[in-house]
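Engineer: Got a structure here, written out as structure tokens. Questions coming.
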Amino acid sequence: MDQQPDNPYGLDLHPMRGALYDELHSRPFQVIPSPSRLTFLAVLCEGVSREQEFEHFQSIYALFGQQAPEEDGVCFEADFGSVRVRREKHLEFITYTFVNLDVEFCSDPFDCSGISRIPDSWLKAMPGTVVVSFHVAIEDARQKPEPALPGVKSFFEGMRLVGSSPQDGDARVWTTFRLHSDGFGRFLIYNKKMSDSQLGRLTQRLMEIETYRLMALLGLPLARQYNPELGAMDRRLADTTSGLATNGDLDEKELLGKLTDMAAWVEAVRAKTTFRFSATKAYHELVLKRLSELREDEVSGHLTITEFMTRRLTPAVRTCESVSDRLENLSRRIDRVSDMMRTRVELSIQGQNQDLLASMDRRSSIQLMMQHTVEGLSVAAISYYMVGLLKYLIEALYNSGVDIDKSMAVGISVPIVVMVVWFATRRIHKKFLKLAIEKVDQQERDKNDH
């Protein structure tokens, strides 16, 4: 067997071996210097093909005079000198991180951003729907001291601040978790002791927290939309169950129709919400994981990022979980009531079958009595005709010269003929009855064998 350069021992390697090794390195942390400016976008690509989105990404290379990659991948980092662009593919969205290193002439943290040098035409042509958008301003507190709190607040247009000192106080982070006048959120990071690699990891965690927070909240409008309808549906089912328990004269067909309609509605809502609510739970768990990695210290007088998320995001996620649980519970209850209705209908059908069998048994008894009556009449009729035939035979014998008493001969033949006819009729009746019994027994044996 031919040996490949990466397989000098000629081992039989799994075809996915290289991809499995590369998977853990597909999204490396960025190395971000301070000071710098970043802009982060998370784009939902519903209704947009991956090819169309990748072609748009390729076009940014031409804008900066570089050769674009030919094949799509999970993560790309494009370095255009003082501008860097990072694109990552996720399950249901794509993220862009724009890093602007040319911040010498920025008078305050948010005068310039990561997209300051990105052409507006390229941004406007971006396919998909932007869900997450915020700027990150990184300042070096070792070169430029952190301003007083009123100065920091002015960078956020006077909004209420959320602040923390992550990584055991090696940095200071300020944000509001709100949109500002430019339509973007804002994060302000003051680097006190962190290296560029540590700063890149911290920034990545903050961007993921904000992204997963907003992605988790996508399920909240669905929960608010269907929660009142679930209440109404729950009351309808309760009324139906109460009527089933107290009212003996129900229209089973109409009630089963109502239950079918309710079950169809619940399944339709579950189909619309199951993925979204499951994603909300998964994103929330990711947020909690990233928060634990921040190792925050409190900034006096301000909520930390963890406290803010715990107080604001967790209740929203619990609402989604509650609606999801109510849907599952309602579905199970409808199934149980439907089973009760089916049991009720089956019992009703069994009662009708018993009445029908009893009626058939009565008719069979009457038919048997009539059959015995008819058999008696048949014996009399057959005997009458046979005696008539014998009478012709006796007269023929008498006319041929046989000396017999015609009247006596006919009289003697009557009881004999009646007995013979009766005996023959009984034999025929018993024969057919035996055949019927044997047929029934054979059917039972065949049924038991199967």
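Engineer: Looking at LEU288, LEU313, which is the one that is in a helix (DSSP H, G or I), out of contact with any Leu (no Cβ under 8 Å at 6 or more places or on another chain) and surrounded by 13 or more Cβ atoms within 10 Å (Cβ to Cβ)?
Structural biologist: Numbers: LEU313 fails: out of contact with any Leu (no Cβ under 8 Å at 6 or more places or on another chain).
Only one candidate qualifies: LEU288.
Engineer: Let me ask you something else. Evaluate region 104-124: report whether one residue or more is more than 30 Å from PHE64 (Cα to Cα), in contact with a Pro (Cβ under 9 Å, 6 or more places away or on another chain) and in contact (Cβ under 8 Å) with a residue 40 or more places away in the chain.
Structural biologist: no
Engineer: Six or more apart or on different chains, Cβ under 8 Å: which pairs go from a residue in region 314-330 that's free of Cβ contacts under 8 Å to residues at least 60 places away in the same chain and under 22 Å from GLU210 (Cβ atoms) to one that's aromatic (Phe, Trp, Tyr) and assigned to a helix (DSSP H, G or I)? Could you list them?
Structural biologist: Hits for this filter: GLU321/PHE277.
Engineer: In the set LEU291, LEU330, which member is among the hydrophobic types (A, V, I, L, M, F, W, C), out of contact with any strand residue (DSSP E or B) (no Cβ under 8 Å at 6 or more places or on another chain), at pLDDT 90 or above and within 15 Å of THR175 (Cα to Cα)? Spell out the reasoning first.
Structural biologist: Numbers: LEU330 fails: within 15 Å of THR175 (Cα to Cα).
Unique residue meeting the criteria: LEU291.
Engineer: Now a separate question. Can you tell me how many residues within region 142-193 are open to solvent by less than 30 Å² (accessible area, probe 1.4 Å), of a type outside the set (S, T, N, Q) and closer than 20 Å to ARG205 by Cα?
Structural biologist: 15
Engineer: Looking only at region 260-275, which residues are touching a Leu at 6+ places or on another chain (Cβ under 8 Å) and either open to solvent by less than 30 Å² (accessible area, probe 1.4 Å) or modelled with pLDDT under 90 (or both)? Steps first, answer last, please.
Structural biologist: As a first pass, look at region 260-275 and keep what is touching a Leu at 6+ places or on another chain (Cβ under 8 Å): 262, 266, 269-270, 272-273.
Scanning region 260-275 gives MET262, VAL266, VAL269, THR273.
Engineer: Of all residues in region 33-57 being part of a helix (DSSP H, G or I) and within 20 Å of GLY114 (Cβ to Cβ), which is most open to solvent (accessible area, probe 1.4 Å)? Full working, then the answer.
Structural biologist: Step one: list which residues in region 33-57 are part of a helix (DSSP H, G or I), which gives 50-57.
With within 20 Å of GLY114 (Cβ to Cβ) added as a condition, the list becomes 53, 56-57.
On the way: GLU53: 4, HIS56: 21, PHE57: 0 Å².
Checked region 33-57; the qualifying residue most open to solvent (accessible area, probe 1.4 Å) is HIS56.
Engineer: Within region 116-160, restricting attention to residues that are within 39 Å of the chain's Cα centre (by Cα) and in a loop (DSSP other than H, G, I, E, B), which residue is nearest to SER34 (Cα to Cα)? So that I can check it myself, show each step before the final result.
Structural biologist: Filtering region 116-160 down to residues within 39 Å of the chain's Cα centre (by Cα) leaves 122-136.
Filter once more, so that each one left must be in a loop (DSSP other than H, G, I, E, B): 125-128.
Numbers: ALA125: 31, MET126: 29, PRO127: 31, GLY128: 31 Å.
For region 116-160, the residue satisfying everything is MET126.
Engineer: Could you tell me which of the residues GLU395, GLU375 is at negative phi, among the acidic types (Asp, Glu) and either modelled with pLDDT under 75 or loosely packed, with under 12 Cβ neighbours inside 10 Å (or both)? Spell out the reasoning first.
Structural biologist: Numbers: GLU395 fails: either modelled with pLDDT under 75 or loosely packed, with under 12 Cβ neighbours inside 10 Å (or both).
Just one listed residue meets the conditions, GLU375.
Engineer: Report yes if ILE416 is loosely packed, with under 14 Cβ neighbours inside 10 Å and assigned to a loop (DSSP other than H, G, I, E, B), otherwise no. Explain how you work it out, then say what you get.
Structural biologist: Working: loosely packed, with under 14 Cβ neighbours inside 10 Å: yes; assigned to a loop (DSSP other than H, G, I, E, B): no.
Spelling it out, it is not the case that ILE416 is loosely packed, with under 14 Cβ neighbours inside 10 Å and assigned to a loop (DSSP other than H, G, I, E, B).
Engineer: Quick test for you: out of ARG178, ARG213, ARG236, ARG205, pick the one residue that is among the charged types (D, E, K, R) and out of contact with any helix residue (DSSP H, G or I) (no Cβ under 8 Å at 6 or more places or on another chain).
Structural biologist: Values: ARG213 fails: out of contact with any helix residue (DSSP H, G or I) (no Cβ under 8 Å at 6 or more places or on another chain); ARG236 fails: out of contact with any helix residue (DSSP H, G or I) (no Cβ under 8 Å at 6 or more places or on another chain); ARG205 fails: out of contact with any helix residue (DSSP H, G or I) (no Cβ under 8 Å at 6 or more places or on another chain).
Of the residues listed, the single one that is among the charged types (D, E, K, R) and out of contact with any helix residue (DSSP H, G or I) (no Cβ under 8 Å at 6 or more places or on another chain) is ARG178.
Engineer: Test GLU70 against the stated conditions and say whether it is closer than 26 Å to GLU23 by Cα, outside any strand (DSSP E or B) and open to solvent by 30 Å² or more (accessible area, probe 1.4 Å). Show your work before the answer.
Structural biologist: Details: closer than 26 Å to GLU23 by Cα: yes; outside any strand (DSSP E or B): yes; open to solvent by 30 Å² or more (accessible area, probe 1.4 Å): yes.
It is true that GLU70 is closer than 26 Å to GLU23 by Cα, outside any strand (DSSP E or B) and open to solvent by 30 Å² or more (accessible area, probe 1.4 Å).
Engineer: Still on this structure: Given the criteria open to solvent by 20 Å² or more (accessible area, probe 1.4 Å), in contact with a Phe, Trp or Tyr (Cβ under 6 Å, 6 or more places away or on another chain), over 23 Å from TYR190 (Cβ atoms) and of a type outside the set (Phe, Trp, Tyr), does ASP120 qualify?
Structural biologist: Numbers: open to solvent by 20 Å² or more (accessible area, probe 1.4 Å): yes; in contact with a Phe, Trp or Tyr (Cβ under 6 Å, 6 or more places away or on another chain): no; over 23 Å from TYR190 (Cβ atoms): yes; of a type outside the set (Phe, Trp, Tyr): yes.
Spelling it out, it is not the case that ASP120 is open to solvent by 20 Å² or more (accessible area, probe 1.4 Å), in contact with a Phe, Trp or Tyr (Cβ under 6 Å, 6 or more places away or on another chain), over 23 Å from TYR190 (Cβ atoms) and of a type outside the set (Phe, Trp, Tyr).
Engineer: Further question on the same structure: Quick one: ARG27 ticks every box in (1) open to solvent by 90 Å² or more (accessible area, probe 1.4 Å); (2) among the basic types (Lys, Arg); (3) not in a loop (DSSP other than H, G, I, E, B) except a single one, so which number is it?
Structural biologist: Status for ARG27: all satisfied but (3).
Engineer: Whether any residue in region 79-88 is within 11 Å of LEU41 (Cα to Cα), open to solvent by 20 Å² or more (accessible area, probe 1.4 Å) and either of a type in the set (A, V, I, L, M) or in contact (Cβ under 8 Å) with a residue 24 or more places away in the chain (or both) is what I want to check.
Structural biologist: The answer is no, given that none of the residues of region 79-88 is within 11 Å of LEU41 (Cα to Cα), open to solvent by 20 Å² or more (accessible area, probe 1.4 Å) and either of a type in the set (A, V, I, L, M) or in contact (Cβ under 8 Å) with a residue 24 or more places away in the chain (or both).
Engineer: List the number of the failed condition for LEU218; all other conditions in (1) open to solvent by 40 Å² or more (accessible area, probe 1.4 Å); (2) over 27 Å from ALA282 (Cα atoms) hold.
Structural biologist: All conditions are met except number (2).
The values are calculated or read from the model by the stated rules, or taken from the named source; none is laboratory data. Note that the structure is a prediction, hence the values are computed from the model and not measured. Virtual Cβ from ideal backbone geometry, glycine too; neighbours counted across all protein chains shown. Surface accessibility is based on the protein's heavy atoms, side chains included, excluding ligands, DNA and RNA. Shrake-Rupley method; radii C 1.70, N 1.55, O 1.52, S 1.80 Å.
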